[in-house]
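Trainee: Next up is a structure, given as C-alpha cells.
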Amino acid sequence: MTRILDVQELVAGYEPGLSIVKGASIHADEGEIVVILGPNGAGKSSLIKAIAGLVPVTGGQVLLDGVPITATPAHLMVRRGLAFVPQTENIFPLLTVQENLAVAGGILPRATVPARIDEMFGMFPDLARQRRLLAGSLSGGQRQMLAVARALIVHPRVLMLDEPSAGLSPKFVEMVFARLGEIRRAGLTIVLVEQNARAALAIGDRAYVLAEGREAHEGPAATLWNDPVIAELYLGHRKAS
Amino acid sequence: MSLQFILDGLINGSMIGLGAIGVTLTYAILRFSNFAHGDLMAWGAYATLALVSGIAALAGAAAPIGALSFGWPMIVAALGGMALTGLLALALDWLLFARLRDRGQAIIIVMASFGASMALRSLLEFLFTSSPVYYSRAIQMAMPVGLGIRVTPDQIALLVVTLALVLGMHLFMTRSQTGREMRAYSQNPALARVVGIDVARIVRATWLIGAALACAAGIMVGILVQIRPLMGLDMLLPMFAAAILGGIGSIPGAVLAGLIIGLSEAATVQLIGAEWRAAVAFAILMAVLFIRPMGLFGVAER
C-alpha cells in the first residue's frame with residue numbers, strides 16, 4: 001500500500017521553546033481513515049494544524065507522497081494536495097454556500113470550477129438546495145458538510161479534519177461520519193482528530209492515541225476500542241466485560 | 001427655501017463615499033484604520049494634475065468634451081493618476097505597513113499611518129506649495145433643473161462616474177474571484193489561508209483598489225472645488241464617519257453613508273449654520289451607532 005502522508009518526529013508549538021507537539025510520528029496509507037485520539041491537551045489539534053502549516057514547526061518533517069512539505073505556507077498546502085477542515089469557523093458565514101465553494105475552487109483551472117461545484121452539489125444534495133443562502137444560516141451539520149465539500153473541491157490527496165463531530169447532535173454526527181466513509185470508498189485518504197472515539201473508531205482503519213505531544217499507542221481501530229487499558233487511560237470509557 | 005443643498009450634499013457625499021470605500025476595505029482586510037487614506041486622495045489629485053500638465057505640454061491644449069470643463073487629457077490623466085496612487089499605496093505598504101503587520105500590533109500600524117499621513121502631506125506642500133491649484137480655470141454655467149436646483153455639466157458627469165465606479169466595485173466584489181477572496185479574507189483570515197487564498201495578493205488588491213478610488217475622489221474634489229495639500233485631511237473624518245456608519249467592510253454601506261453625511265452636512269449649512277457642519281455629521285453617526293453598533297450594513301461580531 002502506498003504511504004501518502006508520513007509525519008516523522010514532528011515538533012511544533014506556537015511559541016519558541018514551548019512545544020505542544022513533541023516528536024509525533026504518524027502516517028496514513030492510500031485510502032485509509034486514520035483516527036487520532038487522546039485526552040484533552042495531548043496535542044491532537046496542534047499536531048494536525050502543524051501538518052497543515054498553521055502551527056510553526058521546529059523539528060521533524062512531513063512528507064506527502066514522499067515529497068517534503070514541512071512548514072509549507074498554509075495557503076500552498078492545499079495546492080500540494082493536503083486539505084484541512086478546522087474544528088470551528090470552518091466556513092465563510094457571509095458568503096453564500098456556492099461562493100464558499102467557488103472561493104476554495106480558486107486554485108483550480110478557472111474553466112473547470114463551475115462543473116466541479118456542480119459535482120460537489122451532486123455529492124451533497126442538501127447543499128445544492130441551499131446554494132444561494134448565506135453559509136452562516138446553515139445548521140451545524142450542514143456547515144460541517146459545506147466545510148467538507150469545500151475541502152474536497154480541489155481534489156486533495158489527503159483530507160484532514162479536526163473534530164468534525166464537535167457541537168453536532170448525534171444524528172448529525174452519524175451523518176457526517178457516514179459521508180466520510182463514502183468519501184474514503186472513493187479512494188481518498190482521511191486523517192481525523194476526534195474526541196468522539198466511538199464514532200471515529202467505527203469508521204476508522206487505524207488509530208493513534210496521542211499523549212503529551214506524541215503518539216503513545218497505535219493499532220487497528222477495532223482492537224484499540226477493545227483494549228481495556230487504552231480504553232480506560234485515554235478514551236474515557238470502561239469496557240464492560 | 002432653496003433645495004440646492006440637496007444637490008451639493010449629493011456631490012459632496014459621493015466624494016466622501018468613494019473615499020470611504022478605501023477606508024472600509026483597509027479596515028476590513030488589513031485590519032487597521034489608515035489615517036493616510038486622505039493623503040492618498042491628495043496625492044492622486046496632484047499626480048493627475050502633473051499628468052494633465054504633462055499631456056498639455058506634449059500634445060498641446062485639447063478642446064473640452066461638450067460642455068465639460070475638461071477634455072480627453074483629463075480622462076487619460078485620471079486613469080494614470082489612479083494607477084500611480086495605487087503604486088504609491090503599494091510602496092507605502094512595502095516600506096512601512098507590511099513590516100509592522102508582521103509584528104502584529106494594530107495600534108502601532110495606526111500610529112504609523114498618522115506619521116505617513118504627515119510625511120505625505122508635508123511632501124506635497126514642499127513640492128507644490130500650500131496654495132490651491134486647479135485643473136481648469138474655465139467658469140461653468142450652472143443649468144437650472146427645476147425646484148430651484150442648479151447643476152453644472154461637470155457635476156452631472158462626476159455623479160455618473162461615481163455611480164459607475166460604485167456599481168463596478170459592487171460587481172467586482174460579488175462576481176470576481178478576487179472580490180470573493182477579499183470578502184472571504186475579511187471574514188476569516190486563518191480559514192482564507194487554509195482554502196488556498198494568497199494573502200499577499202489580497203493585500204495588494206486592497207491597496208490598489210482603495211488608492212485608485214481615493215484618487216478618483218481626489219480628482220472630483222479637484223475638478224469641483226480645488227486641489228490643496230490639505231484636501232485629504234479635510235475629507236478624512238467624514239470618510240471615517242461614512243465607513244463606520246455604513247458598517248465596516250460594506251461597500252454599499254460606505255457609499256450610502258457617504259451620501260447621508262454629505263446630505264446632512266449640506267442641510268446643516270443651509271438650515272442651521274456652516275459652523276455646525278462637522279458636528280451634525282458626527283451627531284448622526286453617534287445616534288446610529290447607539291441604535292445599531294455595527295453600522296447600517298455591518299454584521300455583528302461573531
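The values are calculated or read from the model by the stated rules, or taken from the named source; none is laboratory data. Computed from a predicted model, the values in this text were never measured in an experiment. Here the Cβ positions follow ideal geometry from the backbone for every residue, glycine too, while neighbour counts run over all protein chains shown.
Trainee: Would you tally the residues in segment B:268-298 being surrounded by fewer than 17 Cβ atoms within 10 Å (Cβ to Cβ), among the aromatic types (Phe, Trp, Tyr) and either within 11 Å of B:Ile244 (Cβ to Cβ) or in contact with a Leu (Cβ under 9 Å, 6 or more places away or on another chain) (or both)?
Mentor: Qualifying residue count, segment B:268-298: 1.
Trainee: Among the residues in segment A:115-128, are any within 12 Å of chain B (Cβ to nearest Cβ), over 15 Å from the mean Cα position of the chain (by Cα) and under 23 Å from B:Thr174 (Cα atoms)?
Mentor: First, the residues of segment A:115-128 that are within 12 Å of chain B (Cβ to nearest Cβ): none.
There is no residue in segment A:115-128 that is within 12 Å of chain B (Cβ to nearest Cβ), over 15 Å from the mean Cα position of the chain (by Cα) and under 23 Å from B:Thr174 (Cα atoms).
Trainee: Answer yes if at least one residue in segment A:90-108 is within 16 Å of the chain's Cα centre (by Cα), away from chain B (no Cβ under 13 Å) and either within 23 Å of B:Ala192 (Cβ to Cβ) or surrounded by 22 or more Cβ atoms within 10 Å (Cβ to Cβ) (or both), and no otherwise.
Mentor: Our first condition is that a residue be within 16 Å of the chain's Cα centre (by Cα); within segment A:90-108, this holds for A:90-91.
Narrowing further to those that are away from chain B (no Cβ under 13 Å): none.
No.
Trainee: Read through the list (1) in contact (Cβ under 8 Å) with a residue 60 or more places away in the chain; (2) touching a helix residue (DSSP H, G or I) at 6+ places or on another chain (Cβ under 8 Å), then give the number of the only condition that A:Thr189 fails.
Mentor: (2)
Trainee: Could you check segment A:87-193 for helices (runs of 4 or more DSSP H) lying wholly inside it with 2 or more residues that are polar (S, T, N, Q)?
Mentor: Helices (runs of 4 or more DSSP H) meeting the threshold: A:97-104, A:140-152.
Quick grid of which residues meet (1) more than 19 Å from A:Ala149 (Cα to Cα); (2) touching a Pro at 6+ places or on another chain (Cβ under 6 Å); (3) surrounded by 22 or more Cβ atoms within 10 Å (Cβ to Cβ):
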position: A:Leu168; (1), (2), (3): no, no, no
position: A:Arg179; (1), (2), (3): no, no, no
position: A:Ile183; (1), (2), (3): no, no, no
position: A:Thr189; (1), (2), (3): no, no, yes
position: A:Ala197; (1), (2), (3): yes, no, yes
position: A:Leu201; (1), (2), (3): yes, no, yes
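Trainee: Take the residues in segment A:78-89 that are in contact with a helix residue (DSSP H, G or I) (Cβ under 8 Å, 6 or more places away or on another chain) and of a type outside the set (S, T, N, Q), then tell me which one is farthest from the other protein chains (Cβ to nearest Cβ). Reasoning before the result, please.
Mentor: Initial filter on segment A:78-89 (in contact with a helix residue (DSSP H, G or I) (Cβ under 8 Å, 6 or more places away or on another chain)): A:78-79, A:82-87, A:89.
Retained after the next criterion (residues that are of a type outside the set (S, T, N, Q)): A:78-79, A:82-86, A:89.
Values: A:Val78: 4, A:Arg79: 6, A:Leu82: 10, A:Ala83: 8, A:Phe84: 5, A:Val85: 8, A:Pro86: 6, A:Glu89: 6 Å.
Among those residues, the one meeting the criterion is A:Leu82.
Table: residues versus (1) touching a helix residue (DSSP H, G or I) at 6+ places or on another chain (Cβ under 8 Å); (2) in a helix (DSSP H, G or I); (3) surrounded by fewer than 24 Cβ atoms within 10 Å (Cβ to Cβ).
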residue: B:Ala200; (1), (2), (3): no, yes, yes
residue: B:Leu208; (1), (2), (3): yes, yes, yes
residue: B:Gly222; (1), (2), (3): yes, yes, no
residue: B:Leu233; (1), (2), (3): yes, yes, yes
residue: B:Leu236; (1), (2), (3): yes, yes, yes
residue: B:Leu245; (1), (2), (3): yes, yes, no
residue: B:Ala254; (1), (2), (3): yes, yes, no
residue: B:Ile260; (1), (2), (3): yes, yes, yes
residue: B:Glu265; (1), (2), (3): yes, yes, no
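Trainee: Consider A:Gly105 carefully, then state whether it is farther than 19 Å from A:Glu163 by Cβ and in contact with a strand residue (DSSP E or B) (Cβ under 9 Å, 6 or more places away or on another chain). Show your work before the answer.
Mentor: Values: farther than 19 Å from A:Glu163 by Cβ: yes; in contact with a strand residue (DSSP E or B) (Cβ under 9 Å, 6 or more places away or on another chain): no.
The answer is no for A:Gly105.
Trainee: Could you list all residues from segment B:61-83 that are of a type in the set (A, V, I, L, M, F, W, C), assigned to a helix (DSSP H, G or I) and crowded, with 20+ Cβ neighbours inside 10 Å? Explain how you work it out, then say what you get.
Mentor: Within segment B:61-83, the subset of a type in the set (A, V, I, L, M, F, W, C) is B:61-63, B:65, B:67-68, B:70, B:72, B:74-79, B:82-83.
Subsequent filtering for residues that are assigned to a helix (DSSP H, G or I) retains B:72, B:74-79, B:82-83.
B:Met74, B:Ala77, B:Ala78, B:Met82, listed by residue number.
Trainee: List, please: which pairs have Cβ atoms under 7 Å, are six or more places apart or on different chains, and start with a residue in segment A:7-23 that is in contact (Cβ under 8 Å) with a residue 24 or more places away in the chain and end with one that is basic (Lys, Arg)?
Mentor: Between residues of segment A:7-23 that are in contact (Cβ under 8 Å) with a residue 24 or more places away in the chain and residues that are basic (Lys, Arg), the close pairs are A:Val11/A:Lys22; A:Lys22/A:Arg214; A:Gly23/A:Arg214.
Trainee: Identify, by number, the condition in (1) more than 12 Å from chain B (Cβ to nearest Cβ); (2) free of Cβ contacts under 8 Å to residues at least 24 places away in the same chain that A:Gln61 doesn't meet.
Mentor: Result: A:Gln61 fails condition (2) only.
Trainee: I've got another one for you. What's the number of the only condition in (1) free of Cβ contacts under 8 Å to residues at least 60 places away in the same chain; (2) within 22 Å of the chain's Cα centre (by Cα); (3) away from every other protein chain (no Cβ under 14 Å) that B:Met169 fails to meet?
Mentor: Just one mismatch for B:Met169, condition (1).
Trainee: How many residues does segment B:189-220 contain that are under 18 Å from A:Val78 (Cα atoms) and either away from chain A (no Cβ under 14 Å) or touching a Pro at 6+ places or on another chain (Cβ under 8 Å) (or both)?
Mentor: If we filter segment B:189-220 for residues that are under 18 Å from A:Val78 (Cα atoms), which is where we start, we get B:189-202.
Subsequent filtering for residues that are either away from chain A (no Cβ under 14 Å) or touching a Pro at 6+ places or on another chain (Cβ under 8 Å) (or both) retains B:190-191, B:193-194, B:199.
The qualifying residues number 5.
Trainee: Please state which of the following conditions A:Ile4 fails to meet, knowing it meets all the rest: (1) within 15 Å of the chain's Cα centre (by Cα); (2) at pLDDT 90 or above; (3) within 20 Å of B:Ala184 (Cβ to Cβ).
Mentor: Against the list (1) within 15 Å of the chain's Cα centre (by Cα); (2) at pLDDT 90 or above; (3) within 20 Å of B:Ala184 (Cβ to Cβ), A:Ile4 comes up short only on (3).
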